[in-house]
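Reviewing the structure listed below.
The values are calculated or read from the model by the stated rules, or taken from the named source; none is laboratory data. Every value quoted in this text rests on a predicted model; they were computed, and no experiment measured them. Note that each Cβ is placed from the backbone with ideal geometry, even for glycine, and that neighbours are counted across all protein chains shown.
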Amino acid sequence: MADEVPTPIARMMMGVAGHSLLAYVQLRALAEVLIESGAITREQLEGRFAAMRARELDRTIDEWFEPEIAKHIKMAFEAERVAGETGGDVAPPDPGEIALARSMQGE
């Protein structure tokens with residue numbers, strides 16, 4: 001409903017999304033400056049990103065989030081990875097996982 005006030009979790013998620021988008025734009029701008037100046041090639045940048053994502057994503061999630069939240073974020077990334085490998089859509093969420101997430105939000 002349009003007149004509903006977002007929960008604290010929803011506000012936090014929107015804030016995180018906003019900060020993530022701004023950080024992404026800043027990093028893309030920096031990458032473009034480095035590429036244009038000849039400091040790095042686009043292929044080097046993409047290769048480094050792929051290698052770091054494989055090594056650092058789980059560690060970063062564990063550093064930034066509480067264990068229960070980190071588990072769900074990792075599950076979402078894994079579902080996305082599997083869907084990309086199979087060419088299909090992400091599997092529908094498990095009803096138990098939805099209930100757990102809602103209980104964590106106080107709904």
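Return the total of residues in the stretch 9-62 being in contact with a helix residue (DSSP H, G or I) (Cβ under 9 Å, 6 or more places away or on another chain), under 22 Å from ARG81 (Cα atoms) and among the charged types (D, E, K, R).
2
List pairs: first residue in the stretch 9-25 and surrounded by 11 or more Cβ atoms within 10 Å (Cβ to Cβ), second residue polar (S, T, N, Q) and in a helix (DSSP H, G or I) anywhere in the structure, Cβ distance under 6 angstrom, at least six positions apart or on different chains.
ILE9/GLN105
Results for (1) modelled with pLDDT of 90 or more; (2) in contact with a His (Cβ under 8 Å, 6 or more places away or on another chain); (3) assigned to a helix (DSSP H, G or I), shown as yes or no for each residue.
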{"residue": "ARG11", "(1), (2), (3)": "no, no, yes"}
{"residue": "MET14", "(1), (2), (3)": "no, no, yes"}
{"residue": "GLN44", "(1), (2), (3)": "yes, no, yes"}
{"residue": "ARG53", "(1), (2), (3)": "no, no, yes"}
{"residue": "ASP89", "(1), (2), (3)": "no, no, no"}
{"residue": "PRO92", "(1), (2), (3)": "no, no, no"}
